[in-house]
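Input: a single structure, listed below in structure tokens.
The values are calculated or read from the model by the stated rules, or taken from the named source; none is laboratory data. Note that this is a predicted model, so its numbers are computed, not measured. Note: ideal-geometry Cβ built from the backbone for every residue, glycine included; neighbour counts use all protein chains shown.
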Amino acid sequence: MIIQGKDVYFTDLNKAIKQADATEVTVENIIGQRYIGSGVEGKNLILYGTPGNALGAYLNNCNITVHGNVQDAVGDTMNNGEIIVHGNGGDTLGYAMRGGAIYVKGNGGYRVGIHMKEYKELKPVIVVGGKVGSFLGEYQAGGIIVILGLGVENIFPTGNYCGTGMHGGVMYIRSDVPPENLPRHLIVKKCIKEDLNQIMPFIKNYCQLFNVKEADIFKKSFYKLTPGANHYNTIYAPN
């Protein structure tokens, strides 16, 4: 089923998507409409254009593929499913996501993965092919973030304040130079084979989705970032 998004108000467009009597819905000529995919279940959405903020918010049992760029708060608090972006992502990508996966072919904005969390078998994943802005993984509490740094040379591909407030989860960042000026509580390790085995399924998915050669991914090193001791203990009131 094909729906036209040009000049359609966002509430009307979202209503049409939800009411569509099809499991695969294509939406063409999207121009900034918000909340696409929010509350949609049991569908595969194929989108052309530039969706607005909160694409796939609270996503549950739904997959979204975007042929274009996306704006802010993609996958906000998503539960499961996949969001695949054949372009660049905006700020707060994966905000508070708690399951599922987001793959972005190009770059991400600021505060990617902020407040990510995990619970038992629910472990969210974000993979960004290029670079991201400052505050990557801010207050990250769980999940996996992979930044591939494709097309980035001689700089660490994360901007400033990477891992600020991070207290759970893990980041894997591909770079030809080591990170600098990270928060003191972070543990930084250059990845060995056993570390890379943990993210091989996500790297393979990225390469298949966006037609990238796996061999090119491993021409540079990866760095693994995890939080150390709970640095919030210093601000707790004593018993």
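Based on this model, can you work out whether ILE83 counts as of a type in the set (Val, Ile, Thr), part of a strand (DSSP E or B) and not assigned by TED's automatic domain parsing to the domain that holds ARG174?
yes
Restricting the search to helices (runs of 4 or more DSSP H) fully inside the range 112-229 and requiring at least 3 residues that are touching a Phe, Trp or Tyr at 6+ places or on another chain (Cβ under 8 Å) gives 200-210. Looking across VAL74, VAL112, VAL85, VAL104, one residue alone is surrounded by 17 or more Cβ atoms within 10 Å (Cβ to Cβ), without any contact (Cβ under 8 Å) to a residue 24 or more places away in the chain, within 23 Å of LEU148 (Cβ to Cβ) and not polar (S, T, N, Q). It is VAL85.
Going by the structure shown, is GLY52 assigned by TED's automatic domain parsing to the domain that holds VAL27 and in a loop (DSSP other than H, G, I, E, B)? Break it down stepwise before answering.
Working: assigned by TED's automatic domain parsing to the domain that holds VAL27: yes; in a loop (DSSP other than H, G, I, E, B): yes.
Judged against the criteria, GLY52 is a match.
One residue alone among GLY151, GLY168 is touching a Pro at 6+ places or on another chain (Cβ under 8 Å), more than 16 Å from LEU93 (Cβ to Cβ) and either of a type outside the set (D, E, K, R) or in the same structural domain as MET200 (by TED's automatic domain parsing) (or both), and that residue is GLY168. From the residues in the range 1-45 that are touching a Lys or Arg at 6+ places or on another chain (Cβ under 6 Å), free of Cβ contacts under 8 Å to residues at least 40 places away in the same chain and not polar (S, T, N, Q), which one is nearest to THR77 (Cα to Cα)? Residue satisfying both the conditions and the ranking: VAL40.
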